[in-house]
Amino acid sequence: MDRRLNLTGWGFLLPAALLIVIVSFVPMIQAFILSLQTGRGTRLTFADPLWYNYQRLLGDEIFKQTLLNTFIYLIIQVPIMLVLAMILASLLNNPRLKWKGFWRTAIFLPAAVSLVSYSLVFRTMFANDGFVNDAIGIFGVEPVNWLGEPNTARFVLILGLLWRWTGYNMIFFLAGLQNIDSSTIEAARIDGANAWQTFWRVTVPQLRPIIVLTAIMSTNGTLQLFDESWNLTKGGPAYASMTMSHYLYEISFQRNPNFGYGAALSYVILILVAILAFIQLKVGDKRD
Amino acid sequence: MIRKLRGAGGYAFLTIWTLFSLFPLYFMAVSATNTSQAVLSSRLLPGLELFNNAAKLFAAQNVGAAMLSSFAIAVGTTILALIVTSIAGYAFEVYHSRGKDVLMGVLLLAMMIPFAATMIPLFQMFAKIGMVNSLFAVIIPAISTPLLILLFRQSTRSFPSELVEAARMDGLGELAIFARIYVPTMRATFAAAGVITFLTAWNNFLWPRVILIKNDVQTMPMLISNLSAGYVTDYGVLMLAVLFASLPTMIVFFVLQRQFANGITGAIK
């Protein structure tokens, strides 16, 4: 290409690239340096030993609890959500389906609501004297202290996540399905495969790139959950439903801010995101 | 017969999920018109308390200011993000070169950096230049995202390069080709990118909470979160505030949903 055009291209992408370097890469390096320091507020000195903050994390019971919680959300919620999103998308992709626009809008709509908003709606519905307890009361079920018990609090949080994100992921699957050659599905049908077999053996393998994309996005999002933990369960009871990012906020910006220790925790999140993304890319790349 | 039954199963599943999707939104809207006691006794019909709830809400919180801040942040972020990322995505494809491919790969890595890992240094950075409590500090980190650059680059693949060649023949400058030919052609992609950015910027909670530390500057998500943190929660008032915080993004999505879906489909090819 002509030199002038090449330079024009660099000029056009410079603002975007510079911004990403300034707000992502530079802070990422600074966070690592910070994670080797100790002290309160702005008076920070290098720790002795340097990895002191990381060592401290290993003995931090609250950190272990929030790590466990985050993984419970990840392992239970993400697979259920992606399967549901795929099923909903393939139902919506059926050319004979009626009221398609209505279903799509209704199912996606939760994704337009802010995380704080829906957290507070769920908090209200699952309050001790709230709607859900009244509803199950009709069937003679005793009221449940939803947000006061560890497992039910986690359950409500997972239910909220499913409500908020299933429709969002469905849109990506729907876009992927529309790009699949429908003749492959017809061929499977002619060969005598039923709808279920066709779905798992023909459609799903072709959706692999979208599955990898949505799985990575969802994993990334789950490891960074904050709004729901803060607003829906307030991390409680005690620390039973608190996420890692919620704990990170507590360490870094509440009471006695400890930026060094917070930065070490943030690096644990970064490394987990990287490892899980790498595994998902490897698994997703495998050819049959 | 079997096919009919399966069809019915599909409709049943869609109906159940749709009810599950819409019920919390209905609950929110209806509760905004009821007293706190009525909300807790599960009244699911519209009441007459809308104006009372509104009066109480406006007396307790500066809703106007929070709405204005949220709009300024969401609109500002969207406009800047569309300009900066569309021209970058366009450049990565139209002025394609080996060096640019490498840079794109590096920028995509930024997608893997969780916000949590950059939040503390970002706060320190803005504190150093005296921008804590400023709306610009909320906007700047949200302008350029690898996802939007990728969306524009992928969509540009379906943009006919003959159009660029023809425009050059006609003597149009490179920036004019982008502004006058590319931008009008790619409306669906801009709509999709705009919806994603507006929704994310309006709904963002963690970063505004970190950087807006004075109580007089707050966004709608911050306002409703604070409202629920009090000792006694008035659920009718809370649900009205939540409704205010949710309507703008729902309207944006309603108006642009067709273009949004087309834009995503165009990028995933």
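The values are calculated or read from the model by the stated rules, or taken from the named source; none is laboratory data. Predicted model only: the values in this text are computed from it and were never measured. Ideal geometry is used to build each Cβ from the backbone, glycine not excepted, and the neighbour counts take in all protein chains shown. Side chains are part of the model used for accessible areas, which takes the heavy atoms of the whole protein and leaves out ligands, DNA and RNA. Shrake-Rupley method; radii C 1.70, N 1.55, O 1.52, S 1.80 Å.
Being more than 17 Å from B:A241 (Cβ to Cβ) and either within 14 Å of chain A (Cβ to nearest Cβ) or surrounded by 15 or more Cβ atoms within 10 Å (Cβ to Cβ) (or both) is the filter here, so list the residues in the range B:41-65 that pass it.
The initial filter retains those residues of the range B:41-65 that are more than 17 Å from B:A241 (Cβ to Cβ), namely B:41-46, B:48.
Listed by number, the residues that qualify are B:S41, B:S42, B:R43, B:L44, B:L45.
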Could you give me the residue pairs with C-beta distances under 9 Å whose first residue belongs to the range B:86-113 and is in a loop (DSSP other than H, G, I, E, B), whose second residue is among the acidic types (D, E) wherever it lies, and which are 6+ apart or on separate chains? B:Y95/B:E174
Those residues of the range A:126-161 which are without any contact (Cβ under 8 Å) to a residue 40 or more places away in the chain, within 14 Å of chain B (Cβ to nearest Cβ) and under 20 Å from the mean Cα position of the chain (by Cα), in sequence order: A:L159
Which listed residue, of B:A267, B:A241, is at pLDDT below 85 and crowded, with 21+ Cβ neighbours inside 10 Å: B:A267
Please go through the range A:197-227 and pick out each residue that is within 12 Å of another protein chain (Cβ to nearest Cβ), over 24 Å from A:L157 (Cα atoms) and open to solvent by 30 Å² or more (accessible area, probe 1.4 Å). A:P209
Which condition from (1) of a type in the set (K, R); (2) in a helix (DSSP H, G or I); (3) more than 18 Å from A:K234 (Cα to Cα) is the one that A:R123 breaks? (3)
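Suppose we filter B:T265, B:T200, B:T189 for residues that are at the interface with chain A (Cβ under 8 Å from one of its Cβ atoms) and in a helix (DSSP H, G or I); which single one remains?
Sole residue among the options that is at the interface with chain A (Cβ under 8 Å from one of its Cβ atoms) and in a helix (DSSP H, G or I): B:T265.
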Which is of a type in the set (F, W, Y) and over 27 Å from B:V138 (Cα atoms), of B:Y11, B:Y90? B:Y11
Lone qualifier among A:R189, A:R123, A:R164 - being open to solvent by 60 Å² or more (accessible area, probe 1.4 Å), within 12 Å of chain B (Cβ to nearest Cβ) and either under 18 Å from A:T222 (Cβ atoms) or touching a residue at least 24 places away in the same chain (Cβ under 8 Å) (or both): A:R123
Would you point out the residue of the range B:155-192, among those that are of a type in the set (D, E, K, R) and open to solvent by 50 Å² or more (accessible area, probe 1.4 Å), that is nearest to A:R4 (Cα to Cα)? B:R168
Scan the range B:127-154 for residues that are within 10 Å of chain A (Cβ to nearest Cβ), open to solvent by less than 20 Å² (accessible area, probe 1.4 Å) and in contact (Cβ under 8 Å) with a residue 40 or more places away in the chain and report the count. 5
If you check A:R104 against the conditions, is it at pLDDT below 90 and closer than 23 Å to A:G160 by Cβ? yes
